[in-house]
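The values are calculated or read from the model by the stated rules, or taken from the named source; none is laboratory data. Everything quoted here is computed from the prediction, not taken from an experiment. Positions of Cβ are backbone-derived with ideal geometry, glycine not excepted, and every protein chain shown enters the neighbour counts. Protein only, heavy atoms only, side chains kept; ligands, DNA and RNA dropped before computing areas. Shrake-Rupley method; radii C 1.70, N 1.55, O 1.52, S 1.80 Å.
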Amino acid sequence: MKTVRTILTFILAPLLAAATLLSLFSGIMRFVVLNPDYYKKHLADERYCEEMQEQLNDDLGYIAILYGLPESAMENFLSHDEIKSYTAEYIDAVFAREDATAELTAVPYPNNRFVNYILSNTDNSYEAAVDFGDDCAEAVQSNLWAVNQPLLLNSVTFLKESRIIVELTALFTLLLILTLGLSVLLFCLYIGNIRGGLTAVFGSTFCGSVLILAPLLAFGLKGYAERLNIALSAYRTQLTGIINSILEGGLWIAGLVAGISLVVLVFCAFTKKKRKKKKKTLDNG
């Protein structure tokens, strides 16, 4: 019976490790990579807002000169909070589309602030003020659109057209059930030896989680995201921020599984050692 159990353990343990690895991978893909909140999270990075603000200062400053305003009049006209809010609206619009093939137009930026500003500070007519407001709003929209469109629109469109989001949800559920089933089956091989069952199960899940945790750690510690060679600074900042947010989410999920597994393994090893010591004391007594 012990031989059969050993053979079955050698078969089930690698399968459980593989199922854990695939479950974690599909879970990270579905609930991190394809989660708009992770695309927004990096917007707390002030560097992205500062670089976007610099780009807007140049474009809005040029427009200001055309309408009789000093170039500095439009400097930092949009606050960091406004830049974050507008970009978040765009991300929501991309993920909210039901039909991935439908054309997505840029989220319009309101022109009323610009109109009111020029009317209050120049002698331009209302019609000229509206034109100024439209030009400035279009500049804001095109800058933020240029930064966000290539990354989000193309990737999310592909994911929706290929039904990856739907299929990943089903795959994650299936792999989770498979992982739990293999865990129960492997544990049942050790009926009467709870510590042995826990060691077999959590040893396998630990191996599976480490296999996905290791490359994520290597990628993060090496700083590959910061080495991206992209000309548009705000786009580079946004992309590296998103990659780092995804890494953080993946590390948290895989690290949690690895941590729980390691704690159980250490507990089993400690109780085994304590039991051996106690048995040795009784034998010597």
- Query: By accessible area of protein heavy atoms, probe 1.4 Å, what ranking do CYS268, CYS188 get, highest first?
  - Reply: CYS188, CYS268
- Message: Could you give the length gained by full extension between ASP58 and ASP92, i.e. 0.36 nm per residue of separation minus their alpha carbon distance, to one decimal place?
- Response: 9.5 nm
- Between ILE11 and GLU248, what FRET efficiency follows from the Cβ-Cβ distance if R0 is 35 Å, with the result rounded to 0.05? 0.50
- Message: I'd like the accessible area for THR199, computed on protein heavy atoms only with a 1.4 Å probe and all protein chains in place. Round to 10 Å², please.
- Response: 60
